[in-house]
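See below for the structure under consideration.
The values are calculated or read from the model by the stated rules, or taken from the named source; none is laboratory data. Treat the numbers as computed from the prediction; the structure is a model and nothing was measured. Note that each Cβ is placed from the backbone with ideal geometry, even for glycine, and that neighbours are counted across all protein chains shown. Quick note on the areas: whole protein, heavy atoms, side chains included, nothing else; ligands and nucleic acids left out. Shrake-Rupley method; radii C 1.70, N 1.55, O 1.52, S 1.80 Å.
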Amino acid sequence: QFPGLQDASTVRTILGAVDHIAAIMQEPGEQVVVMSGCGTSGRMAYLAATTCNSLLAASGRRPCCAYLIAGGDRALLTSQEAPEDDPLLGGRELQEAVTGKKKVFYIGITCGLSAPYVAGQLDLCLQHPETFTPLLLGFNPVHLARDHGVETWDKTVKNVAEEMELAAKDNKAFILNPVVGAEPITGSTRMKGGSATKILLDTMLLLAAQKVRDQCPVNEQTVRTFLGTYTQCLESVYSKADAISYLITNAGKR
């Protein structure tokens, strides 16, 4: 009923994102890729942006990725919950981050489609399509997005997600929300959600960089092959589950 990581709709959305990101990597100047999230999602944005910038610099290209995290860099190490619930703050911080940029590809990460901070940024993007192309990255169907009122705001996260759906139909936005299943520990999006976030960010950014470097097209098979490497990694790790368990158990005794 719902798309998974390698379903056709997921692959097509990744391809669309790769095209936008590659165009920015080709001519970064007044263009930028911004990734944003709260808590673990923001830390994944930080990791993806800094890693991609390092790879671009090493290949002689200008870095073009930026990150935002609710609560600022303090939230990379400690929880900063109040800013996560402030959509207006999110919008302001995104506006400040892209000052002077004419084109922005924005990736808003919220595993449960529940973060007001990210929703405020997506709302800003939708209001300024001349500058922003937004992508909503999460792992819930849109109809299950958070629908609770937010103080000082006249929208809910679900309202914004539904507006993103409409914009996506007009090719003005993207929604990348494969369903990866329930977390082993309720509410812990650091597990399946965090892993899937990293896989999707890596896939989009690295394939875009490959497209620019090699000047070759990226197609659906390329995406599936890239995603398949993560499947191989997972199978390899779990084939050694007993040995890894033994190692961890004994490390904890010392």
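Data overview
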{"read-out": "Close pairs from the stretch 205-225: first touching a residue at least 40 places away in the same chain (Cβ under 8 Å) and within 11 Å of L15 (Cα to Cα), partner part of a helix (DSSP H, G or I) and hydroxyl-bearing (S, T, Y), Cβ under 7 Å, at least 6 apart", "value": "L207/T222; V223/T203"}
{"read-out": "The one condition in (1) touching a strand residue (DSSP E or B) at 6+ places or on another chain (Cβ under 8 Å); (2) within 24 Å of A196 (Cβ to Cβ) that P116 fails to fulfil", "value": "(1)"}
{"read-out": "Helices (runs of 4 or more DSSP H) wholly inside the stretch 170-254 containing at least 3 residues that are open to solvent by less than 60 Å² (accessible area, probe 1.4 Å) and within 26 Å of T50 (Cα to Cα)", "value": "192-214, 220-238"}
{"read-out": "Of residues in the stretch 119-152 being surrounded by fewer than 19 Cβ atoms within 10 Å (Cβ to Cβ) and within 20 Å of E96 (Cβ to Cβ), the one modelled with the lowest pLDDT", "value": "T152"}
{"read-out": "Any hit, the stretch 132-147, residues being assigned to a loop (DSSP other than H, G, I, E, B), hydroxyl-bearing (S, T, Y) and touching a residue at least 12 places away in the same chain (Cβ under 8 Å)", "value": "no"}
{"read-out": "Among residues of the stretch 153-169, those that are open to solvent by 70 Å² or more (accessible area, probe 1.4 Å) and in contact (Cβ under 8 Å) with a residue 12 or more places away in the chain, counted", "value": "2"}
{"read-out": "Number of the exception - L15 against (1) in contact with a strand residue (DSSP E or B) (Cβ under 8 Å, 6 or more places away or on another chain); (2) open to solvent by less than 70 Å² (accessible area, probe 1.4 Å)", "value": "(1)"}
{"read-out": "Answer from A66, A22 - the residue that is surrounded by 17 or more Cβ atoms within 10 Å (Cβ to Cβ) and under 13 Å from the mean Cα position of the chain (by Cα)", "value": "A66"}
{"read-out": "Test: residue in the stretch 12-20 that is at pLDDT below 95 and either in contact with a helix residue (DSSP H, G or I) (Cβ under 6 Å, 6 or more places away or on another chain) or not hydroxyl-bearing (S, T, Y) (or both)", "value": "no"}
{"read-out": "Residue pairs meeting the criteria (Cβ under 6 Å; at least 6 apart or on separate chains; first part of a helix (DSSP H, G or I), in the stretch 1-13; second open to solvent by less than 70 Å² (accessible area, probe 1.4 Å) and among the aliphatic types (A, V, I, L, M))", "value": "V11/V223; T13/L176"}
{"read-out": "Filter pass, T50 being open to solvent by 30 Å² or more (accessible area, probe 1.4 Å) and without any contact (Cβ under 8 Å) to a residue 12 or more places away in the chain", "value": "no"}
{"read-out": "Selection count where residues are surrounded by 11 or more Cβ atoms within 10 Å (Cβ to Cβ), farther than 19 Å from D123 by Cβ and of a type in the set (A, V, I, L, M, F, W, C), scope the stretch 69-81", "value": "2"}
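Yes/no matrix, rows are residues, columns are (1) closer than 20 Å to L205 by Cα; (2) under 17 Å from the mean Cα position of the chain (by Cα); (3) of a type outside the set (G, A, S):
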position: L77; (1), (2), (3): no, no, yes
position: G100; (1), (2), (3): no, no, no
position: V104; (1), (2), (3): yes, yes, yes
position: E130; (1), (2), (3): no, no, yes
position: L135; (1), (2), (3): yes, yes, yes
position: F139; (1), (2), (3): yes, yes, yes
position: A145; (1), (2), (3): no, yes, no
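Conditions (1) within 28 Å of S36 (Cβ to Cβ); (2) under 24 Å from the mean Cα position of the chain (by Cα), marked per residue:
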position	(1), (2)
I199	yes, yes
Q232	no, yes
D242	no, no
T249	no, no
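Listed here are the residues, each with its yes/no results for (1) in contact (Cβ under 8 Å) with a residue 12 or more places away in the chain; (2) farther than 23 Å from A161 by Cβ; (3) basic (K, R); (4) not in a strand (DSSP E or B).
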| site | (1), (2), (3), (4) |
| --- | --- |
| S36 | yes, no, no, no |
| Y46 | yes, yes, no, yes |
| R74 | no, yes, yes, yes |
| F105 | yes, no, no, no |
| G112 | yes, no, no, yes |
| G120 | yes, no, no, yes |
